[in-house]
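Single-structure report; data block below.
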Amino acid sequence: MNAQAGLTPAEDTAAVPVPDAAAAGRPGPAWGTWALRVLVFLVVLALWQLADDRLVPDYLISSPTHVAKTLWEYATGVQPGLWTDIRVTAEELVLGYAVGVVGGLVVGLVLGYWRLGAAVLSPLIAAVNGIPKIALAPLFLIWFGIGVQSKIAIAAMTVFFVMFYNTYMGVLTMPDNLVNVLRVMGARRTTIIRRVTLPQISVPVLSGMKSSVSFAMIGVIVGEFIASQDGVGYLINTATQNFDSATVFAGIVVLMLMIAIGMLLVGLLEQWALRWQRD
């Protein structure tokens, strides 16, 4: 085909545009994109402020200024309790997330290599995963009480299934030919794990860890909504019963910040792990 076009192989290769280093590194959004994002955010806040008590009653949507005032009062201690609620929810989130990640990783690895166990247990795991987690939350409250233990269990269960399926599929898609070649060449098991297993499952595992942050928060908040005495979910639920929309939105903002911090930490771990993988 190159001969018909009258090009030599070298000329044909030179004609293909090669992405530069910046494009290959997938740089983040340009300053113009960030400016547009900020502009859209400010427009939404302005429309929200204008709609409050004009188009929609204040008790339904409150306003950005009321929400900011409520957050400031809670943060400075004028209205007590927010920092205690944040501490309780953060504890439930971190512990539930950790238990779910470790459990999903271990079970995913075991069943990924133990095919008989996977054939027996996979239908059961799929059936339990198909049950809405909010339907199981009351059962966890009966088992563990209304303290932090039940919220940790609910969050761990929610995270477990995400991590299990990501790890399990990562192991199933392992390149067996490469593993066999390394074994024939006399590679040790640690070498195979470092050069094949970990790089193969690192991307799905890290992806599961990142998405599990929000899933863990969902589990925690569901538990706090049903029965609790502390926590940001308890704060939001109490404010809802009092038609205090400003506090509801303030609690939502706090949850968003907590999730953003969690995603940032997992993102830093992802950067380190992928850099280690390339070394």
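The values are calculated or read from the model by the stated rules, or taken from the named source; none is laboratory data. Since the structure is predicted, the reported quantities are computational estimates derived from the model, not experimental observations. Glycine gets a Cβ as well: all are built from the backbone with ideal geometry, and neighbour counts include every protein chain shown. These area figures cover heavy atoms from the full protein model, side chains too; ligands, DNA and RNA do not enter into them. Shrake-Rupley method; radii C 1.70, N 1.55, O 1.52, S 1.80 Å.
From the list 111, 139, pick out the single residue that is aliphatic (A, V, I, L, M) and surrounded by fewer than 16 Cβ atoms within 10 Å (Cβ to Cβ).
139
Just checking, how many residues over region 214-239 are in contact (Cβ under 8 Å) with a residue 24 or more places away in the chain and open to solvent by less than 10 Å² (accessible area, probe 1.4 Å)?
Qualifying residue count, region 214-239: 9.
Is it the case, given these coordinates, that residue 244 is among the charged types (D, E, K, R), closer than 30 Å to residue 80 by Cβ and either out of contact with any Pro (no Cβ under 7 Å at 6 or more places or on another chain) or open to solvent by 60 Å² or more (accessible area, probe 1.4 Å) (or both)?
So residue 244 passes the test.
Considering every residue within region 113-130, establish whether at least one is under 19 Å from residue 228 (Cβ atoms) and either out of contact with any Pro (no Cβ under 9 Å at 6 or more places or on another chain) or in contact (Cβ under 8 Å) with a residue 40 or more places away in the chain (or both).
There is no residue in region 113-130 that is under 19 Å from residue 228 (Cβ atoms) and either out of contact with any Pro (no Cβ under 9 Å at 6 or more places or on another chain) or in contact (Cβ under 8 Å) with a residue 40 or more places away in the chain (or both).
Which of the residues that make up region 67-80 are open to solvent by less than 80 Å² (accessible area, probe 1.4 Å) and not polar (S, T, N, Q)?
Result: 67, 68, 71, 73, 74, 75, 77.
Could you please give the count of residues in region 228-279 that are assigned to a helix (DSSP H, G or I) and either more than 12 Å from residue 217 (Cβ to Cβ) or more than 17 Å from the chain's Cα centre (by Cα) (or both)?
Qualifying residue count, region 228-279: 33.
If residue 133 passes every condition in (1) under 30 Å from residue 75 (Cα atoms); (2) open to solvent by 40 Å² or more (accessible area, probe 1.4 Å) but one, which one does it miss?
(1)
Considering each of 201, 154 in turn, give the residue that is part of a helix (DSSP H, G or I) and either within 30 Å of residue 87 (Cα to Cα) or open to solvent by 70 Å² or more (accessible area, probe 1.4 Å) (or both).
The conditions single out 154.
Would you confirm whether any residue within region 162-171 is closer than 23 Å to residue 231 by Cβ, part of a helix (DSSP H, G or I) and not charged (D, E, K, R)?
Yes.
Take region 43-79 and flag every residue that is closer than 19 Å to residue 255 by Cβ and free of Cβ contacts under 8 Å to residues at least 12 places away in the same chain.
Hits for region 43-79 are 44, 68, 72, 73, 75, 79.
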